[in-house]
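For reference, the structure is listed below as structure tokens.
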Amino acid sequence: MRIPAKSPIIHTDDTEGCLGTTMPEKKMATRRISVLVAARQAALRAELRLLLRREPDIKVVGEAQTAEEAYRMVQKLRPRVAVIATGLPGDAIGVVKRIRKNLRRVGVVAVATQIENQSVLAILRAGADGCVAGSSIASDLISAVRAASQGQSLLCAATTDRLVEEIVNSPSPSQVERILSDRVKPSRPAKRLT
């Protein structure tokens, strides 16, 4: 039996469910990062929403449970960042590609509850600005969202470990190097080791 999809959730009340400190209303409106959360499981969406709402500079503006719904909502709401779960029904990688192609100003952070080398490479190749995974979601999500909102990349330790593993084990690391060169921007020149 197929369960009918619920309509997308659009958040309009900034204070409902907020945790942590608050900022004066005028400053909050000019500094907040608008975020769309997209994940299949309601429990994961709720967890992500709660983590994000704890931060005074982040505002969750909507939620989606399928890739198509996420893309439509990104088009409609124009959030600064879309947080996309890799297991999103439809095509999570495809929606990241569509956002990158058509809505370049929207940052994308991928969330993976389980991480595999190929899925990490695929989501980064599609254009995700960051990837948080497994047990690091709670600790790295906020930093990844802030980085993506500024056009920067942030990968959690588990994602970085997978990329290093892929580079080391790959007979031709050019694919990984190409992905990294497009996504990672060094903050300062590297020092030569002697």
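The values are calculated or read from the model by the stated rules, or taken from the named source; none is laboratory data. These figures come from a predicted structure and were not determined experimentally. Here Cβ is always computed from backbone atoms with ideal geometry, including for glycine, and neighbour counts include all displayed protein chains. With ligands, DNA and RNA removed, areas are computed over all heavy atoms of the protein, side chains included. Shrake-Rupley method; radii C 1.70, N 1.55, O 1.52, S 1.80 Å.
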Open item on the list: Run the Debye formula on the Cα coordinates of region 94-137, all scatterers equal and no solvent, and tell me log10 I(q)/I(0) at q = 0.20, 0.22, 0.30, 0.33 1/Å.
Closed with: -0.59, -0.69, -1.05, -1.17
TODO: Could you work out how far apart the two model spin labels at Arg100 and Lys76 are, taking each label as a point 7 Å from the Cα in the direction of the beta carbon, and quote it in nm?
DONE: 2.6
Task: Neighbour net charge for Arg80 - beta-carbon separation under 14 angstrom, K R +1, D E -1 - done: +4
- [ ] Would you mind classifying region 42-111 by shape? Square roots of the alpha carbon gyration tensor eigenvalues, ordered a ≥ b ≥ c; an a/c under 1.5 is rounded, otherwise it is prolate if a/b is larger than b/c and oblate if not.
- [x] oblate
TODO: Quick one: accessible surface of Thr113, probe radius 1.4 Å, all protein chains present, in square angstrom to the nearest 10.
DONE: 90
Task: Overall dimensions of region 23-164 by Cα: Rg and Dmax, Å - done: 13.7, 44
